[in-house]
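S.K.: Let me give you the structure first, and then I'll get to my questions.
A short reminder: the numbers here are calculations on the coordinates, not readings from a lab. Note that the structure is a prediction, hence the values are computed from the model and not measured. When we count neighbours, we look across all protein chains shown, and the Cβ atoms used for this are built from the backbone with ideal geometry, even at glycine.
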Amino acid sequence: MATGIGIIGTGVISRQYFDTFAKTSGLKVVAVADLDLERAGQVAAARGTAAMTVEQLLADERIEIVLNLTVPAAHAEVDAQIIAAGKHVCAEKPLALDVPSGLDILARAEAAGVRVASAPDTFLGTGVQTSIDLVRGGRIGEPFAATALWGSAGPELWHPNPGFYYQPGGGPVLDMGPYYLTALVQLLGPVRRVQSSVIPVRRERVFGAGPAAGKPVPVSVPTAAAAILEHEGGAVTSVTLSFETWGHNNEPFFEVYGTAGSLRVPDPNWFDGVPLLYDASGVVTAAQEAERKWEPVQPSAGFIGGGRGLGLLDLAESIKAGRPHRASGELALHVLEVMAAINAGGAEISSSPAAAEIVGLRELN
């Protein structure tokens with residue numbers, strides 16, 4: 001029997017979730033809700049479901065899991081409402097705006113006997129899952145370092161309503177950081193210490209698209225940061241996240257280095273992509289090193305053709321099977337703590353989530 005789903009928030013991102021849900025028989029969207037009642041009605045009509053108020057949706061006994069797609073500043077408040085209604089939560093990233101709010105969400109869920117899952121779930125696709133399989137399988141030897149770099153000139157160049165990217169809950173660290181940090185934690189283990197510098201850029205920003213085109217964009221969050229992450233297992237990662245990078249070619253740089261090779265990880269903002277492996281096993285001379293090439297690795301793990309909503313699907317399956325779900329609230333809290341430390345200039349990290357089980361290679365069904 002399909003698990004009943006309710007969705008709060010019917011903005012642009014909801015389309016990707018609906019597209020994923022349409023590919024599986026295990027989930028059924030019972031209703032949607034939004035502060036914009038007209039938009040909720042339009043989405044419901046287009047997707048063959050019902051439009052309700054938030055109160056009606058939370059009271060509907062057919063709904064077991066609620067997907068929270070509200071803006072970041074509302075995540076904690078809406079999650080609390082969902083938990084109080086006795087329903088499981090799956091929320092967009094970040095889990096909350098600060099660590100205390102994230103801890104409060106998890107404490108409420110534990111007291112209520114419900115589960116919390118959180119985006120990003122891109123790490124459940126074949127790109128990152130295959131990369132995790134390679135690292136955990138020892139294909140690059142003992143991993144000891146990684147480099148992750150993402151940058152753009154800012155979403156106001158293309159997004160019709162980019163204001164929230166520059167308010168609390170936004171910025172490159174909280175917006176793009178979850179994808180890279182979640183993947184890094186799965187590849188190299190939890191982070192125990194952060195050292196960072198927030199780069200003080202003060203350029204004027206202007207809306208480049210939409211009804212506010214040409215008007216200034218208010219900015220109240222850091223727009224670039226560089227960090228060094230020390231992982232519990234001893235590996236060290238260099239991370240740079242920026243809304244200040246002009247002319248970037250949209251090809252993020254993400255590599256993991258080990259004692260017996262290196263791995264280029266596909267963009268963790270997406271679900272697929274082909275990992276590239278440089279196998280240095282047995283190399284002892286410069287000539288042998290020069291003969292080795294970066295080789296593509298075919299998928300060995302993860303959801304094939306995945307999209308946003310895999311974490312919710314895994315949550316629903318895990319509840320029925322009585323096993324831990326992968327895109328867990330504990331993982332999201334750890335990533336939130338790391339992001340807060342990056343924006344604060346560094347800190348010791350207290351949380352330490354367990355490694356998620358690798359997803360066996362599978363199709364959506």
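S.K.: Within region 1-58, take every residue that is of a type in the set (Val, Ile, Thr) and part of a loop (DSSP other than H, G, I, E, B) and give me the one that is surrounded by the most Cβ atoms within 10 Å (Cβ to Cβ).
M.R.: Selected residue: THR10.
S.K.: Pairs under 8 Å by beta carbon, first residue on the phi > 0 side of the Ramachandran plot in region 189-216, partner surrounded by fewer than 18 Cβ atoms within 10 Å (Cβ to Cβ) and in a loop (DSSP other than H, G, I, E, B), six or more apart or different chains?
M.R.: GLY189/GLU232; GLY189/GLY233; GLY189/ALA355; GLY210/HIS159; GLY210/PRO160; GLY210/ASN161
S.K.: Still on this structure: With the requirement that a residue be under 17 Å from THR122 (Cβ atoms) and among the small types (Gly, Ala, Ser), what does region 330-353 give you?
M.R.: Selection gives ALA332 alone.
S.K.: Just one of the numbered conditions (1) in a helix (DSSP H, G or I); (2) in contact (Cβ under 8 Å) with a residue 24 or more places away in the chain; (3) among the charged types (D, E, K, R) is not true of GLU77; which one?
M.R.: (2)
S.K.: Quick test for you: out of VAL265, VAL206, pick the one residue that is among the aliphatic types (A, V, I, L, M) and buried (at least 16 other Cβ atoms within 10 Å of the Cβ).
M.R.: VAL265
S.K.: Of the residues that sit in region 206-254 and are assigned to a loop (DSSP other than H, G, I, E, B) and among the aromatic types (Phe, Trp, Tyr), which one is farthest from SER196 (Cα to Cα)?
M.R.: PHE207
S.K.: Here is a check on your reading of the model: is PHE253 crowded, with 20+ Cβ neighbours inside 10 Å and either without any contact (Cβ under 8 Å) to a residue 40 or more places away in the chain or of a type in the set (Phe, Trp, Tyr) (or both)?
M.R.: Criteria not met by PHE253.
S.K.: Does region 46-90 hold any residues that are hydroxyl-bearing (Ser, Thr, Tyr) and either in contact with a Gly (Cβ under 8 Å, 6 or more places away or on another chain) or closer than 21 Å to ALA327 by Cβ (or both), and which are they?
M.R.: THR70
S.K.: Can you pull out the residues in region 273-289 that are more than 14 Å from ILE132 (Cβ to Cβ), in a loop (DSSP other than H, G, I, E, B) and touching a residue at least 12 places away in the same chain (Cβ under 8 Å)?
M.R.: VAL274, ALA280, SER281
S.K.: Has region 352-363 got at least one residue that is surrounded by fewer than 23 Cβ atoms within 10 Å (Cβ to Cβ) and of a type in the set (Lys, Arg)?
M.R.: Scanning region 352-363, I find at least one residue that is surrounded by fewer than 23 Cβ atoms within 10 Å (Cβ to Cβ) and of a type in the set (Lys, Arg), so the answer is yes.
S.K.: Quick one: in region 59-87, which of the residues that are among the aliphatic types (A, V, I, L, M) and touching a Lys or Arg at 6+ places or on another chain (Cβ under 8 Å) is surrounded by the fewest Cβ atoms within 10 Å (Cβ to Cβ)?
M.R.: ALA84
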